[in-house]
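Read the structure below first, then the notes.
The values are calculated or read from the model by the stated rules, or taken from the named source; none is laboratory data. Computed from a prediction, not measured in an experiment: that's the story for all the values here. Neighbour counts are summed over all protein chains in view; Cβ atoms, including those assigned to glycine, are modelled from backbone coordinates with ideal geometry. Quick note on the areas: whole protein, heavy atoms, side chains included, nothing else; ligands and nucleic acids left out. Shrake-Rupley method; radii C 1.70, N 1.55, O 1.52, S 1.80 Å.
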Amino acid sequence: VALAVAVFVIAPVGAAQSNDTLFRPLELPAANAMRTAGGAPGPKYWQQRVNYDIAVTLDTAAHAIAGRESVRYTNNSPDTLRELWFQLDQNLYRPDSRGTTLHPERATIAPAGFQGGYSVRAAFRASTPPSSLHVAVTGTLMKLDLDRPLAPGTTVTVSIEFAYPIPENGSDRTGHARLASGLSYAIAQWFPRLVVYDDVRGWNTDEYLGQGEFYLEYGDIDYAVTVPRSFIVTGTGVLVNADVVLTDSLRARLARAASSSEVIPIISRSEVAHAGARPQGAAPLLTWHFSAHNVRDVAWAASPAFAWDAVGSNGVLVQALYPADSPADWSHSVINARDDIALYSRTWMPYPYPVATVVAVPLNHGMEYPMLVFVSGKYNGRALESATLHELGHQWFPIVVGSNERQHGWMDEGFTTFINWEGIGYKATGNGKFAQQFAGAGRPGPIMQPSDYIAATQYDALTYDLPDAGLELLRHQITRDTATFDSAFREYIRRWAFKHPTSADFFRSMNEGIGDDLSWFWRGWFGSTDAMDLGIDSVTQTVDAERLTAHLHLAKAGPMPMPVPIRLTLVDGTLKEVKLPVTIWRDGDHVRYDIAVAGSVVAAEIDAAQNYPDVRRANNVWKR
Ligand SMILES: [Zn+2]
């Protein structure tokens with residue numbers, strides 16, 4: 001049925017009422033030369049640069065790490081610094097740490113009496129002779145007093161000796177176990193790392209409490225790990241001394257894999273622990289040397305039991321390492337990893353690093369590090385596939401787009417969950433399930449909270465699912481088309497790759513990219529627990545000069561405004577879909593919308609496709 005020209009009339013109903021306040025600009029910090037009003041890094045944007053040179057030994061008898069780092073810190077800020085703050089994340093595993101007190105379930109799963117934490121043995125500024133520096137440790141933070149001020153634009157090199165016992169399970173992000181196949185180590189949060197000094201908060205001295213994740217400076221990290229000769233080590237970065245730690249035959253396979261579209265087993269399951277798979281020599285230890293450019297962290301894993309697969313993909317060496325007795329699907333892991341990397345590269349931004357590795361670890365979940373993801377070695381089947389998809393998604397957030405996870409956990413887990421789901425095919429209609437699961441019970445709290453303030457039971461909802469649901473609403477229901485959303489999101493990624501965006505930068509960048517001031521949405525979905533409850537009060541009809549007009553009397557019963565997708569059913573069964581812009585709510589919570597129709601309206605429904613987390617569906621439907 002062809003419709004007459006629609007007449008769009010929106011009228012407020014009843015006493016004068018204004019909802020202008022719903023659409024007021026979002027309260028954001030003033031734009032400045034570092035961060036522009038359009039959400040981009042400004043002409044005076046700066047961030048510190050931190051390069052590390054690290055050498056440690058893994059003690060497989062004591063399960064401990066000991067070594068030394070040399071840190072080259074460049075002060076790109078306009079401020080003179082008199083101290084450097086470091087993150088000593090292992091101090092979370094001291095029995096008296098704040099994290100153990102506040103979030104025991106997040107701190108460690110260790111045998112009773114485990115005494116974790118660093119001993120920091122010395123700190124020096126490089127000079128002749130080296131100057132000893134005063135160190136003060138508070139919880140997971142260490143302040144190192146510089147013996148002379150560090151002026152803007154200058155560099156200081158300090159070296160620190162450190163050691164710590166490895167927890168069996170450190171917050172499910174690092175640990176070790178003796179598996180049937182042999183020892184297995186997953187080593188992360190292992191070297192003293194600089195606290196970020198930025199233009200937003202100065203030194204970001206938020207302690208590591210075990211729940212909230214990380215905020216780290218970018219730089220080049222070169223590290224050497226000494227382990228027993230029988231061990232295989234995999235880690236962030238490029239292996240630079242394959243000639244020392246691999247046999248000629250393994251090296252040849254690895255070289256072939258880099259440009260191979262077929263999977264090359266570097267060490268097949270059946271070759272694991274065979275003497276021929278390791279270089280011969282008298283020395284009991286070997287040192288593996290890795291180098292990583294432009295990263296915010298490095299992690300590694302080590303075991304004598306690793307099988308090792310590799311394949312090339314667009315210049316990236318994709319690898320999977322897993323104990324030989326791992327579940328069967330680990331044999332396909334490298335292919336899944338390759339496809340995941342290709343998917344995100346195609347959609348959002350090409351993967352910028354030369355290596356991408358998935359490693360099976362003796363932990364209960366997965367965890368992301370630059371170029372390397374930990375995935376629980378217990379996983380198989382769908383769990384293995386989806387954990388790999390999820391953790392590799394983190395290469396984009398927060399590893400490339402380096403937001404502050406401890407302040408804005410949702411910009412890490414939420415964005416990653418979003419690209420996971422979009423990657424495997426969100427259907428634009430009838431698929432509001434992520435949003436709808438929060439409709440009945442309501443949202444447990446605002447998304448925008450520092451990660452460690454969120455109750456553990458609400459962490460998944462507020463950090464993963466709700467931000468994901470918000471981005472899906474934005475991409476599929478609010479933005480005029482998905483291509484517009486995608487180009488805006490890609491531009492946000494491009495602007496902030498290897499930088500430190502805040503939530504304000506994200507909101508501004510998306511407003512600019514989409515071409516719409518979405519203050520109402522950022523405030524309603526990310527900054528509040530406002531319920532979404534749209535409804536139809538009634539439908540009336542009038543005939544004027546032989547033209548039939550339906551008057552839709554619409555209600556916004558909850559505080560959060562949304563565009564209004566309406567399906568009208570006409571008397572002959574014809575369906576008519578119309579989507580009213582969110583700004584119809586500017587005039588009040590009850591508005592009348594007039595539309596010319598070709599036949600009498602017998603039913604009307606808001607969000608018939610059920611994409612909204614509308615808390616009350618009963619009022620969405622009107623029937624004559
Ligand atoms: Zn995650």
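Counting only the heavy atoms of the protein chains, how much of R508 is accessible to a 1.4 Å probe, in Å² to the nearest 10? Approximately 40 Å² for this residue.
The count of lysine pairs in the chain whose Cα atoms are under 27 Å apart, excluding pairs fewer than 8 places apart on the same chain, comes to 14. Spin-label model, D243 to V543: label points 7 Å out along the Cα-to-beta-carbon direction sit 9.4 nm apart. Looking at region 111-160, what % of the alpha carbon pairs are farther apart than 13 Å? When every Cα pair of region 111-160 is considered, 64 percent fall beyond 13 Å. Equivalent-ellipsoid semi-axes for region 263-330 (Cα gyration tensor, √(5λ), whole Å, largest first): 22, 19, 12. In angstrom, the C-alpha Rg and Dmax of the chain are 27.9, 101. Across the chain, the longest piece that holds none of the GluC sites (Glu not before Pro) lying in DSSP loops with up to 10 other C-beta atoms within 10 Å covers 263-545.
In the chain, helices alone account for a calculated mean residue ellipticity at 222 nm of -5000 deg cm²/dmol, with every DSSP H run of four or more residues adding -39,500 (n - 2.57).
Contact order normalised by length for region 141-257, with contacts defined as Cα pairs under 8 Å and 6 or more residues apart; what percent is it?
Relative contact order of region 141-257: 12 percent.
Compute the semi-axes of the equivalent ellipsoid of region 563-622, taking the square root of 5 times each eigenvalue of the Cα gyration tensor, and list them largest first in whole Å. Don't jump to the answer; show the numbers that get you there.
Working: eigenvalues 79, 45, 19 Å².
With the √(5λ) rule applied to region 563-622, the semi-axes are 20, 15, 10 Å.
Rounded to the nearest Hz, the phi-derived 3J(HN,Hα) couplings of region 156-172 under the Karplus curve 6.51 cos²θ - 1.76 cosθ + 1.60 (θ = phi - 60°) are 10, 10, 10, 10, 9, 9, 8, 7, 7, x, 7, x, 5, 9, x, 6, 6, where x marks glycine and proline.
What is the ratio of the Cα radius of gyration of region 302-342 to 2.2 N^0.38 Å, where N is its residue count, to two decimals? Mind showing how you got there, number by number?
On the way: Rg = 10.6 Å, N = 41, 2.2 N^0.38 = 9.0 Å.
So region 302-342 has a normalised radius of gyration of 1.18.
Applying the criteria of a DSSP loop state and at most 11 other Cβ atoms within 10 Å to the chymotrypsin sites (Phe, Trp or Tyr not before Pro) of region 363-414 yields no site.
Using equal-weight Cα scatterers in the Debye expression, the normalised intensity of region 204-243 in log10 at q = 0.27 Å⁻¹ is -1.02.
Ordering D516, D206 by accessible surface, largest first, gives D516, D206; the 1.4 Å probe counts only protein heavy atoms, with every chain in place. Note that region 174-190 has calculated 3J(HN,Hα) couplings of 7, x, 7, 7, 9, 8, 3, 7, x, 5, 9, 10, 10, 10, 8, 6, 10 Hz, one per residue in order, obtained from phi through the Karplus relation 6.51 cos²θ - 1.76 cosθ + 1.60 (θ = phi - 60°); glycine and proline are x. Ligands, DNA and RNA excluded, the heavy atoms of I232 present near 0 Å² of accessible surface to a 1.4 Å solvent probe. Label-to-label distance, S70 versus N314, with points set 7 angstrom from Cα along the beta-carbon direction: 3.7 nm. Here, P(r) means the percent of Cα pairs in each 10 Å bin from 0 to the largest distance; for region 442-532 it is 16, 46, 33, 5. Here the Debye sum runs over all C-alpha atoms of region 493-534 as equal scatterers in vacuum, and log10 of I(q)/I(0) at q = 0.16, 0.18, 0.20 Å⁻¹ comes out as -0.49, -0.59, -0.69. Take the Cα of R494, step 7 Å toward its Cβ, do the same at R567, and the gap between the two points is 3.8 nm.
Loop-located trypsin sites (Lys or Arg not before Pro) across region 185-287 with a Cβ neighbour count of 14 or fewer within 10 Å are R201, with loop assigned by DSSP. Across region 281-412, Cα-Cα pairs farther apart than 24 Å form 28% of the total. If you look at the Cα atoms of region 481-624, you get an Rg and a Dmax of 18.4, 64 Å. At q = 0.18 Å⁻¹, what log₁₀ I(q)/I(0) does a Debye calculation on the Cα points of region 54-184 give, no solvent, two decimals? Those come out to -1.01, one per q.
How many percent of all Cα-Cα pairs in region 350-407 sit more than 15 Å apart? Write down the numbers at each step before the final one.
Working: 765 of 1653 pairs.
Of the Cα pairs, 46 percent sit more than 15 Å apart.
From the Kirkwood radius over Cα pairs of region 166-296, Stokes-Einstein at 20 °C and 1.002 mPa s returns a whole-number translational diffusion coefficient of 122 µm²/s.
Could you work out the per residue convex hull volume over the alpha carbons of region 209-283, in cubic angstrom? Let's see the in-between values first.
Numbers: hull volume 13.6 nm³, N = 75.
It comes to 182 Å³ per residue, whole-number rounded.
Across all C-alpha atoms in region 30-128, the radius of gyration and Dmax reach 19.3, 56 Å.
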